[in-house]
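Undergrad: Pasting in a structure now, in structure tokens, and then I'll have a few things to ask.
The values are calculated or read from the model by the stated rules, or taken from the named source; none is laboratory data. The structure presented is a predicted model; accordingly, all values stated were derived computationally and were not measured. As a convention, Cβ positions derive from the backbone with ideal geometry for all residues, glycine included, and neighbour counts pool all protein chains shown. Accessible surface areas use protein heavy atoms only, side chains included; no ligands, DNA or RNA. Shrake-Rupley method; radii C 1.70, N 1.55, O 1.52, S 1.80 Å.
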Amino acid sequence: MRQAGRYMPEYRALRERYSLLDICRTPDLATEVTMQPVRRIELDAAILFSDLLLPLEPMGIRFDFVRGEGPAIENPLRTEADVDRLRQFEPREALAHVLVAVHQIVGALAGRVPLIGFGGAPFTLASYAIEGGHSTSFARTKSMMYSAPEAWHRLCALLADTVADYLVAQVEAGVDAVQIFDSWVGVLDARDYREFILPHTRRIFDALSPYDVPTIHFGVGTSAILRELREAGGHVIGADWRTPLDEAWDRIGHDRGIQGNLDPTLLLGPIDQVLDAADDVLARAGGRPGHIFNLGHGILPATPLERVQALARHVHQQTGR
Ligand code: CP3
């Protein structure tokens, strides 16, 4: 869950010399940054260093990351004509650098831990493309969804096909599992999720099913739609901290795995509280197979690295792994 990043001094040092996009586009740098947390923390997996938004550019949506403000899209989608201008592309060409990075990372890991690849799900990608950056109300996104449903479905189908193809390419390049981030889809209720998102996200999981690769489906604030996320797909469903893990798992169903769900902001406070909360998550998982201990969302930049190290060590001690 954003395990590489600004809370690590070696990441900050690299970021003084290179932009985020430089790192994403240069396999040697992406490999180095992917390995940074694996060297420092007792992690059970590495996650490819890249960004969710990378596939937007070859579709015809230009963006950059503005320091302190996050992504900024130059030409956000505002009309149906904007949607119709988008292009499908070949990820093995346009995003070849990511696939080269995957090869290099697999080599650097040398089997120490598996590598997770990832991509964005249609709602979250569409929301950046339409809003032009981060949003709290998702007003423009929902406005297109409700007012121009045909354009919305064309957009989501294109995003789903694009991401599915890109994830298959990551699997062929060597990732051991894939995570699909629908970070902001929790702003939808179950009815809208079913109508506007579920069929599209399901296409991504269907495209991956012949490859026999474990899949994780993640979103934030999804307590009310965990059953729908499950229906869309994923061997493992990610849950944030708002719902206790046992309740979330009951909703998801015990025939699926669960990932989560410690509140990442706890890591800004005393370590005793972090470890107590981790024990509570583990107790709620009850030692059942299929629990991936994780934070409920990304590590915050102000997090002291020692607390992340202590947390990972503690979880291994408590679970005997
Ligand atoms: O976990 C990892 O180590 C992999 C790296 C990773 C990044 N982005 C690098 C990154 C992953 C998995 C992502 C996915 C991503 N990107 C998501 C989904 C995950 C989530 O957090 O819900 C989203 C919504 C994005 C889009 C994005 N990229 C935003 C909103 C931002 C700005 C956020 C911020 O805190 O500034 C980014 C920038 C970004 N992508 C950073 C990192 C490490 C910030 C660090 C930097 O600027 O150097």
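Undergrad: Note the full-extension length gain between D189 and R288 as 0.36 nm times their separation in residues minus their Cα-Cα distance, in nm to one decimal.
TA: 32.7 nm
Undergrad: Right, next: What residues from the range 17-54 fall in the zone where the backbone N is under 20 Å from a label point 7 Å along the Cα-to-C-beta line of A110?
TA: The answer is 28-48, whose backbone nitrogens lie closer than 20 Å to the label point.
Undergrad: For the pair R92/R154, report the inter-label distance in nm, with labels modelled 7 Å from Cα in the Cβ direction.
TA: Taking the two extended label points, one gets 2.9 nm.
Undergrad: Taking 0.36 nm per intervening residue step and subtracting the Cα-Cα distance, what contour gain separates R202 from E80 on full extension?
TA: Using 0.36 nm per residue and subtracting the Cα-Cα distance, I get 41.5 nm.
Undergrad: Multiply the residue separation of Q273 and H235 by 0.36 nm, subtract the distance between their alpha-carbon atoms, and state the gained length in nm to one decimal.
TA: Computed gain between Q273 and H235 is 10.6 nm.
Undergrad: Taking the alpha-carbon set of the range 9-238, what are its Rg and Dmax in Å?
TA: 17.2, 51
Undergrad: Please report the relative contact order for the chain, taking Cα pairs under 8 Å with a sequence separation of at least 6, and give it as a percent rounded to a whole number.
TA: The value is 17 percent.
Undergrad: From the helices alone, meaning DSSP H stretches of at least four residues, give me the mean residue ellipticity at 222 nm for the chain, per-run term -39500 (n - 2.57), in deg cm²/dmol to the nearest 500.
TA: -14500 deg cm²/dmol
Undergrad: Under a 1.4 Å probe, what is the accessible area of the chain per residue, stated in Å²?
TA: Normalised by residue count, the accessible surface of the chain is 43 Å².
Undergrad: Which distance in nm do the two modelled labels at D246 and V100 give, with both placed 7 Å along the Cα-to-Cβ direction?
TA: Taking the two extended label points, one gets 5.1 nm.
Undergrad: With all protein chains present, calculate the accessible area of S50 using a 1.4 Å probe and round the result to the nearest 10 Å².
TA: The accessible area comes out at roughly 10 Å².
Undergrad: Tell me the accessible surface of H235 in square angstrom (1.4 angstrom probe, heavy atoms of protein chains only), to the nearest ten.
TA: Surface accessible to solvent at H235 totals approximately 110 Å².
Undergrad: Using every alpha carbon pair in the range 2-120, what percent of pairs falls into each 5 Å bin from 0 up to the bin containing the largest distance?
TA: All Cα pairs, binned at 5 Å, distribute as 2, 10, 20, 21, 19, 13, 8, 5, 2, 0 percent.
Undergrad: Work out which helices of the chain, taken as complete DSSP H runs, extend at least 27 Å along their axis over the Cα atoms and score a mean Kyte-Doolittle of 1.6 or more, then list them.
TA: none
Undergrad: Now for a separate question. Consider a paramagnetic label point 7 Å from the Cα of I41 along Cα→Cβ; state which residues of the range 273-313 have an amide N under 11 Å from it.
TA: From the range 273-313, the list is 294-301, 303-313.
Undergrad: How many percent of the accessible area of the range 9-238 is carbon or sulfur, using a 1.4 Å probe?
TA: Carbon plus sulfur share of accessible area: 49 percent.
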